[in-house]
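S.K.: Just passing along the structure, written as structure tokens.
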Amino acid sequence: MASARLARIDLPDFGMPEGRPEIPAPLYAARLARLRERAAARGYDRVVVYADREHSANLAYLSGFDPRFEEAVLVIGGEDQPAILVGNECFGLAGAAPLAMRRHLFQDLSLPSQPRDRSRPLAEILGDEGIGSGSRVGVVGWKTYAQPMMSDAPAYLVDELRRLTGPGGAVENATDLLIGAADGLRVVNEVEQLAVLEHSACQTSNGIRRLLAGLRPGMTEREAVRLLDWDGTPLSCHLMLSSGPLASFGLLSPGDRRIERGDRFTVAFGIWGALNCRAGFVVEDAGELPAAIRDYVERLVGPYFEAVAEWYGALRIGQTGAALHDIVDRRLGDPFFGIFLNPGHQIHLDEWVNSPISAGSTIELRSGMAFQVDIIPATGTDYFTTNIEDGVALADDALRSAFAAAYPAAWARIQARRRFMNDALGIDLHPDVLPFSNLPAYLPPFLLRPDQVMTVAV
């Protein structure tokens, strides 16, 4: 691979979807059936899925329903319809979900001081759903933990489950059934879900593209964030845009600060299924940087882009997580670069599902997995950072054929992105790799010249 260099490169218009692909209702029932099979193999009598506004992806994956303003609890047993516990405001909405569910009004899930005069005690509802002495219950919350007894589901729920099941039963964290990095149900996507992820990536990457094209000194951060043109699709995380000294924290929301020439700048835009991020300096070239960091490209951005390009080139079905980790560690392991998070992770409705990419990981990547190319230098120095966060998926021959047949317009966009990455950027992708971003590996370090980007093409 050639050394990274700056070059003037025109970013093609890869096109936009006409509408959002829908997950067909029967697919939710199929997902539920797969979860039941896995739960039975582990010896669970019931699976209880807890969701709140920020952590609703597991429930939404299984049912197509995500609670608004409230929390919700899904109880899954044998072959009967699952039961959903919802509060005052979500009771009707849950009845319109694509997955048929029996509904229990449990008003303690409602907002504070709302009426609580029409629901039965939690113990009675759970008992009627077959949870009792000796039951083995798997609890799906948000995270997995080293100790299976630990759960991030609320204490009132977990405590009641343990009281009901008694000393002869078990209440365990079963979140890995859905998010296990090797084979969790949500980390291996169906073709329909991949099409949804590609649609989401088009929205977020085009938003970042508009921002890069329209960013000007003198704008306020709030004016700049409007360039993303967020259309109301549910966010997977808050909108992040910051400039100046506070940009180094990366996680802040936009404020009233005016963006100045020479500023540090970072932006991230994430909706269900996708996130894109870029970071750099609000300048036209290195000559506008302080003298001590005018080698910004040579010292930070070039080595970073070379690492990302090699990472992309190694990505394929059957690759181990350790191999991808080791590429980044070998190239960017110097403490200067400050890489401390996993160099890449799985993505779904939520921005970070899990990651098989870590030192020593023997997990092999599978067809259907979707990834966030998320390699973040945190130098803690005047060099600030650089970032090129985009989404990709892996698909074998059969899945690629199914995608091309069912979603030909999306497939054409994917193929155009692959050609651009190879021809213009010098990144040779394995046939398994499907780039979803309309900014595929497009990295302009100087944000007032978005046509000057990194490449390893000869």
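S.K.: Which of the residues that make up region 348-373 are closer than 26 Å to residue 444 by Cβ and open to solvent by 10 Å² or more (accessible area, probe 1.4 Å)?
M.R.: 351, 352
S.K.: Starting from residues that are farther than 17 Å from residue 202 by Cβ and in contact with a Gly (Cβ under 9 Å, 6 or more places away or on another chain), keep the ones in region 394-427 and report whichever is most open to solvent (accessible area, probe 1.4 Å).
M.R.: 396
S.K.: Among (1) touching a residue at least 24 places away in the same chain (Cβ under 8 Å); (2) touching a Ser or Thr at 6+ places or on another chain (Cβ under 7 Å); (3) of a type in the set (A, V, I, L, M); (4) surrounded by fewer than 19 Cβ atoms within 10 Å (Cβ to Cβ), where does residue 111 come up short?
M.R.: Failed condition: (2).
S.K.: Yes or no: residue 126 under 30 Å from the mean Cα position of the chain (by Cα) and at pLDDT 95 or above?
M.R.: no
S.K.: Working carefully through the options 196, 225, find the one that is touching a Pro at 6+ places or on another chain (Cβ under 7 Å) and open to solvent by less than 10 Å² (accessible area, probe 1.4 Å).
M.R.: Answer to the check: 196.
S.K.: In region 136-156, what count of residues is obtained for those that are out of contact with any Phe, Trp or Tyr (no Cβ under 6 Å at 6 or more places or on another chain), crowded, with 18+ Cβ neighbours inside 10 Å and aliphatic (A, V, I, L, M)?
M.R.: Residues flagged as out of contact with any Phe, Trp or Tyr (no Cβ under 6 Å at 6 or more places or on another chain), crowded, with 18+ Cβ neighbours inside 10 Å and aliphatic (A, V, I, L, M) within region 136-156 amount to 3.
S.K.: Moving on. Count, please, the residues in region 294-316 that happen to be open to solvent by 10 Å² or more (accessible area, probe 1.4 Å) and touching a Phe, Trp or Tyr at 6+ places or on another chain (Cβ under 6 Å).
M.R.: So the count comes out to 0.
S.K.: Is it the case that region 322-335 has a residue that's among the basic types (Lys, Arg) and open to solvent by 30 Å² or more (accessible area, probe 1.4 Å)?
M.R.: Yes - at least one qualifying residue is present in region 322-335.
S.K.: Can you run down the residue pairs with Cβ atoms below 9 Å, 6 or more apart or on separate chains, where the first is in region 24-44 and more than 13 Å from residue 81 (Cα to Cα) and the partner is modelled with pLDDT under 95 and surrounded by fewer than 17 Cβ atoms within 10 Å (Cβ to Cβ)?
M.R.: 40/78
S.K.: Now for a different question. If you check 60, 83, which single one turns out to be open to solvent by less than 20 Å² (accessible area, probe 1.4 Å) and under 19 Å from residue 26 (Cβ atoms)?
M.R.: Exactly one of 60, 83 is open to solvent by less than 20 Å² (accessible area, probe 1.4 Å) and under 19 Å from residue 26 (Cβ atoms), namely 60.
S.K.: Return the residue satisfying two criteria in turn: it lies in region 336-347 and is aromatic (Phe, Trp, Tyr) and in contact (Cβ under 8 Å) with a residue 40 or more places away in the chain, and of such residues it is surrounded by the most Cβ atoms within 10 Å (Cβ to Cβ).
M.R.: Among residues in region 336-347 that are aromatic (Phe, Trp, Tyr) and in contact (Cβ under 8 Å) with a residue 40 or more places away in the chain, the one surrounded by the most Cβ atoms within 10 Å (Cβ to Cβ) is 337.
S.K.: Within region 167-176, which residues are in contact with a helix residue (DSSP H, G or I) (Cβ under 9 Å, 6 or more places away or on another chain) and either part of a loop (DSSP other than H, G, I, E, B) or closer than 10 Å to residue 58 by Cα (or both)?
M.R.: 169, 174, 175
S.K.: Quick check on my filter: what residues within region 199-244 are more than 17 Å from residue 259 (Cα to Cα), touching an Asp or Glu at 6+ places or on another chain (Cβ under 6 Å) and part of a helix (DSSP H, G or I)?
M.R.: The answer is 207, and nothing else.
S.K.: Are any residues in region 351-378 within 21 Å of residue 395 (Cα to Cα) and aliphatic (A, V, I, L, M), and if so, which ones?
M.R.: Of everything in region 351-378, those that are within 21 Å of residue 395 (Cα to Cα) and aliphatic (A, V, I, L, M) turn out to be 353, 357, 363, 365, 369, 370, 373.
S.K.: For region 245-266, what are the residues that are assigned to a loop (DSSP other than H, G, I, E, B), open to solvent by 80 Å² or more (accessible area, probe 1.4 Å) and either among the hydrophobic types (A, V, I, L, M, F, W, C) or modelled with pLDDT under 95 (or both)?
M.R.: Across region 245-266, the qualifying residue is only 251.
The values are calculated or read from the model by the stated rules, or taken from the named source; none is laboratory data. All of these numbers come straight from a predicted model, not from anything done at the bench. Every residue, glycine as well, gets a Cβ built from its backbone with ideal geometry; the counts of neighbours run over all protein chains shown. Please note that ligands, DNA and RNA were not included when accessible areas were found on the heavy atoms of the full protein model with its side chains. Shrake-Rupley method; radii C 1.70, N 1.55, O 1.52, S 1.80 Å.
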